[in-house]
Each structure stands twice: as C-alpha cells, then as structure tokens.
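Take a look at the structure below.
The values are calculated or read from the model by the stated rules, or taken from the named source; none is laboratory data. In this text the structure is predicted, and so the values were computed from the model without any measurement. Positions of Cβ are backbone-derived with ideal geometry, glycine not excepted, and every protein chain shown enters the neighbour counts.
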Amino acid sequence: MKKSAVPTLTPLWLLILLQAGISASSLVVEIVAGRMIAPYVGMSLYTWTSIIAVVLAGFSVGHWWGGRIAGLEPGRALRMTGWTMIAAACATAGATLLLRAVAGPVLETLQHPLAAITALSSLAFFLPSLFAGVPAPVLTVAAMRDRDQSERALGAMFAAGAVGAIAGTLLAGFVFVPWIGSVTTLLVIAATYAIAAVICFWLGNASRREFGFLVSGIAIAFLIGVGASGLPSVCDRESSYYCIRTVALSDDPQAPVNLMVVDHLAHGISARQAPRVMYSKHAAMLDALPRMRMNRTDFTSFHIGGGSYSVPRAWADRGISGITIAEIDPEVTAMAVDQFWFRPETATILHRDARVALRNSNQRFDVIIGDAFTDIAAPEHMVTLEFFGLVSDRLASGGVFAMNFIDNVDRLDALAAVVVTLRKVFKSVEVWTVASRPEAGERRVFVLLAGAQDSPVSAIETAAPDMTRFQALAPGFLDDILRLRKARVLTDDHVPLSHLMGLNPIVD
C-alpha cells in the first residue's frame, strides 16, 4: 500500500528541532573523536586536521546521498532517513569498539604518525559522519514542500543546522567530555540518533511492521552500546585536556616506581623512595643542568608543565624552595599527588597556560624550565620569538632558561628553527644531549639552555637512572646545522613546528 505524503501542516518547529539536534550530535562526535584517538596517536595539529577532514568527507557523502533520498516520495524519504539514523546510532555506539579493535594493527602497520592518524580517524569516524549527514537535505525539502514562503523555511533549516553545530561544539567541550567522558558521550549521541529515527518514522507515516523493524534496529544499537560501555577505560583519569594513566614499573610493592602516560606519551617516571633519581634523559638534564648553572640551592624557578612533577619533587627534596609550576590540567596535578608522591605544599601551582601565567606575573625567576614539549604535539605558542622574549623579561639577572625538545637526527629542521629563534633573544644558546653517536632515524631528546653566558662546563654526568654522560653540541657543529637547515625565526604569526617535524630527510 502506498504511503501518504508528509502532512502539509507538519510543524516547522519540529523539523527545525530535529535538524538542530542531529547537527549538534554530529559535532559532538567530531569533538569526541579527537579525545578518543589521542591515547593512541596524541593530540596535535595533524590530529585535528585529519579528524576535521574525515568528518567533513563523511558529511559530504551523506549530504549527497540525502539529496537523492529527498527526491523520493516524501513519506518514503523520511522513513529511509530514519533508517540512516539507526545506522548512525549503531556506527556511533560502535566507534569505541572499532577503535579498540583496529588501533593496534594500524599502529603496527603504519609507522608514519600522519598515516596512522588518518587511518584511525577514517575507520572509526567516517561512517558516523556519513549517516549523520543524510537528514539535512531530506528535512530541508520536507520543510519547504507545500508551504507558503518556502524560502524562509529554507533559511530556518540552514540556521538550525548552524546553531546546532555551535551548541554541539560547546556541549562536547564544556559539558559532555569533562563530566561523563568520551565513551558515555558517544552512547548519549547514539540514543539521540535513535530518537531522531523514531521521529522520522512517525513523520513518514510508517506502518506497524516498519516500526517493528525500527525497534529491532534500536535494540541492535543498544546492544552495541552495552558492549562499548562494558569495555575497561583506557584512562585512569579523563580530563578536559588529556587521557591520563599510571603504569607500575616495579614488582616490589615496598619500592614502587610509576610511569605517567598522558594521551599516548610517557610524561615522567618517579620512585617513591628515590625522589632525586630521574628515570628519563630529558628529566635528568632538566634536573641537573639548571642546578649546574646556579651552583646553589637558594634559587627560584618557574616550571612550564608539571607532568609527573619529577623535577620539582626532586628539587624540593634537595631543599630548593621558591618553586612555581604552571600545569594547565588540574587532573595531572591530582594524579601526581596521588600516584607520584608529589607534595603540593612544596610549590606554588598555577592551573593555567604557562604563557598566560608568565605574562600575568611580574615576578622574576632565576630558572625557567620548559617541560611541555613532547613528540609532534609540541605547544607551538611556546617556541616563538614573542614567547622567548617574555621568558627573557621574567628571568632574573644571571638566570637561565632550559627547555626540552625532540627531533629526528636525520633532519633537525625543527631544532634549528628553535635555536635560531632563541638566539634572537639570548646571547648564549646551548644544545645538550646524551653523549652518544646518533643512529639513523633516531628521535633524540635535547635540552636547550639559554641565558646571558655559556655554561662553565661542556659535559656532565648524572643518573638517568644509571649514570649517563651528557654534553653540549660544539658551537661550530651547531652553526653548521643551522646553516644547512636554513632555519627561520619562529613567530606567533608563523610557527610551522609540526610541519618542520614532518619533513623528509635532507640528502647532502
């Protein structure tokens, strides 16, 4: 039996509300996608670029498909749209399961981070975006059909989509992810899509038999959601910024050693009974080099990034006071206190962006440490000429700025750019690293020291955790690197750090 057309008096407000709700839901999924793949590939410019491209590609295909559906008999078009909403609910609820299943094989197969990011984004979030893109053309045609002043209905539907997208973005960032977490957020969105499916079936005058099939589809989405909700969380704490985990490295319960993992990267290791021992090369250098330059314990320090708070904890144990730490995520601090034995009363802790904290402070520090630089997810606003100028303004006379940095030894384009930028501000810029011959393709950890004068020594030995020798690159060798890489100064207007880290090796 042929279904009747959509009733002429179908309330426009209902179609507008449906359009806004689906649009909001699709943007929530886009924001959550970044949070969910961060534990596997980190959060960077590349991550968001890939996610946005994949989601827009899904919307585009969905809109094209929806346009073809919109040309059908109105009731049938709405019922078919209802089925795409069931598909969207299943795909959204199952994104967590799919991501867990494919992440390992993808990361093992695709060694280049950009390829892995794109593959994970596509596999987990293309289909949810595709199905969510179908309703917009269908609902817009339904809103315009057989109405006076259909142009106003058209404008209202476009506005509803835009307002929904804004609302979804705000809800995802300020409500859903911080309060209920990524997985539960996707389940809420899947439920929203299921409700949208019911409305579309009702507007399309579906038969009882079709409603019976709809119930079966919703049941399938529900079972997928139950499976996703039953998975153990990959995070010990999921904050507004990061997925944070603690990994126990010691089998001795009387002498625990813990590793903090933020998103997909190790951010610090601490031992309960050995607060002064550093367990990574960058932490060992950030601990020892400033102390070498100060050659005393009565100095003040400002730390950009807390992480496991290993260096502040070690310095407090040595009797060094006047420690200020800018850690943007309060949950990272809470984890450092709970699992890494940091005592918050030994320091002043600022839960805000370090650049903002420095700009709003008039205090001068003997030492400023930049410990917020990891992999391809380096904070670009903290490697610019303007930021280094701010650092210089906040350093006391004779003070030193120490920052860790990671780059590929076959390129060193990013390192060269940062050194050139630092030289525009500081008279002396040294690059320290472990005293060993680099291996091809190695991503090496460096610590840059900047100040008014050079260090009194060119090499030191410190525990990392075994005794390790670190040395400064010879000035002539460093000059050769800068000349070969033709490094340019990084500014707030142009800081292509992620691009510099991803360039192909230069062949002489």
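Within the range 208-229, identify whether any single residue is under 27 Å from VAL262 (Cβ atoms) and either under 31 Å from the mean Cα position of the chain (by Cα) or of a type outside the set (Ser, Thr, Tyr) (or both), and answer yes or no.
yes
Which one is farthest from ASP287 (Cα to Cα), of the residues in the range 384-404 that are surrounded by 22 or more Cβ atoms within 10 Å (Cβ to Cβ) and among the hydrophobic types (A, V, I, L, M, F, W, C)?
The extreme case among them is PHE387.
Take the residues of the range 102-137 that are of a type outside the set (Val, Ile, Thr) and not in a helix (DSSP H, G or I): which is modelled with the highest pLDDT?
LEU110
Identify all residues within the range 131-149 that are surrounded by fewer than 24 Cβ atoms within 10 Å (Cβ to Cβ), in contact with a helix residue (DSSP H, G or I) (Cβ under 7 Å, 6 or more places away or on another chain) and over 16 Å from GLY71 (Cβ atoms); write none if there are none.
ARG147
I'd like to check which strands (runs of 3 or more DSSP E) are fully inside the range 284-370 and have at least 1 residues that are closer than 21 Å to VAL457 by Cβ.
Answer list for the range 284-370: 301-304, 365-370.
Quick check on the range 182-197. Is at least one of its residues at pLDDT below 90, in the same structural domain as GLU73 (by TED's automatic domain parsing) and out of contact with any strand residue (DSSP E or B) (no Cβ under 7 Å at 6 or more places or on another chain)?
No: the range 182-197 contains no residue that is at pLDDT below 90, in the same structural domain as GLU73 (by TED's automatic domain parsing) and out of contact with any strand residue (DSSP E or B) (no Cβ under 7 Å at 6 or more places or on another chain).
Would a scan of the range 237-248 turn up a residue that is touching a residue at least 24 places away in the same chain (Cβ under 8 Å), outside the structural domain of ARG355 (by TED's automatic domain parsing) and over 28 Å from VAL356 (Cα atoms)?
Yes.
Can you give me the number of residues within the range 241-276 that are touching a helix residue (DSSP H, G or I) at 6+ places or on another chain (Cβ under 7 Å) and of a type in the set (Gly, Ala, Ser)?
Qualifying residue count, the range 241-276: 2.
One line per residue, one yes/no per condition, for (1) in contact (Cβ under 8 Å) with a residue 40 or more places away in the chain; (2) buried (at least 24 other Cβ atoms within 10 Å of the Cβ); (3) closer than 24 Å to ILE218 by Cβ; (4) more than 20 Å from the chain's Cα centre (by Cα):
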{"residue": "SER26", "(1), (2), (3), (4)": "yes, yes, yes, no"}
{"residue": "GLY34", "(1), (2), (3), (4)": "no, no, no, no"}
{"residue": "GLY42", "(1), (2), (3), (4)": "yes, no, no, no"}
{"residue": "THR47", "(1), (2), (3), (4)": "yes, yes, no, no"}
{"residue": "ILE51", "(1), (2), (3), (4)": "yes, yes, no, no"}
{"residue": "TRP64", "(1), (2), (3), (4)": "no, no, no, yes"}
{"residue": "LEU72", "(1), (2), (3), (4)": "no, no, yes, yes"}
{"residue": "THR81", "(1), (2), (3), (4)": "yes, yes, yes, yes"}
{"residue": "ALA87", "(1), (2), (3), (4)": "yes, no, yes, yes"}
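Output the residue which, of all residues in the range 250-283 that are part of a loop (DSSP other than H, G, I, E, B) and either charged (D, E, K, R) or surrounded by 24 or more Cβ atoms within 10 Å (Cβ to Cβ) (or both), is farthest from the chain's Cα centre (by Cα).
The extreme case among them is ASP252.
Regarding LEU422, is this residue buried (at least 24 other Cβ atoms within 10 Å of the Cβ) and in contact with a strand residue (DSSP E or B) (Cβ under 8 Å, 6 or more places away or on another chain)?
yes
Pairs under 8 Å by beta carbon, first residue modelled with pLDDT under 90 in the range 455-480, partner hydroxyl-bearing (Ser, Thr, Tyr) and not in a loop (DSSP other than H, G, I, E, B), six or more apart or different chains?
No pair meets every condition.
Based on this model, can you work out whether GLY268 counts as outside the structural domain of ALA464 (by TED's automatic domain parsing), under 30 Å from MET85 (Cβ atoms) and in contact (Cβ under 8 Å) with a residue 24 or more places away in the chain?
no
Quick one: what pairs do we get from the range 138-165, first residue in the same structural domain as ALA196 (by TED's automatic domain parsing), second small (Gly, Ala, Ser) and part of a loop (DSSP other than H, G, I, E, B), C-beta under 9 Å, 6+ apart or different chains?
Listed pairs, sorted by first residue: VAL141/GLY71; ARG145/ALA5; ASP146/ALA5.
May I ask you to list pairs of residues, at least six apart or on different chains, whose Cβ atoms are under 8 Å apart, with the first in the range 353-366 being within 10 Å of SER301 (Cα to Cα) and the second being exposed (fewer than 14 other Cβ atoms within 10 Å of the Cβ)?
Taking only residues 6 or more apart or on different chains, the pairs are ASP366/GLY398.
Give me a count of the residues in the range 128-167 that are over 30 Å from LEU187 (Cβ atoms) and among the hydroxyl-bearing types (Ser, Thr, Tyr).
Final tally of qualifying residues: 1.
Residue by residue through the range 28-78, note down the ones that are among the acidic types (Asp, Glu) and in a helix (DSSP H, G or I).
Scanning the range 28-78 gives a single hit, GLU30.
Among residues belonging to the range 393-441 that are under 29 Å from the mean Cα position of the chain (by Cα) and among the small types (Gly, Ala, Ser), point out the one that is farthest from ALA372 (Cα to Cα).
Per the criteria, the residue is ALA440.
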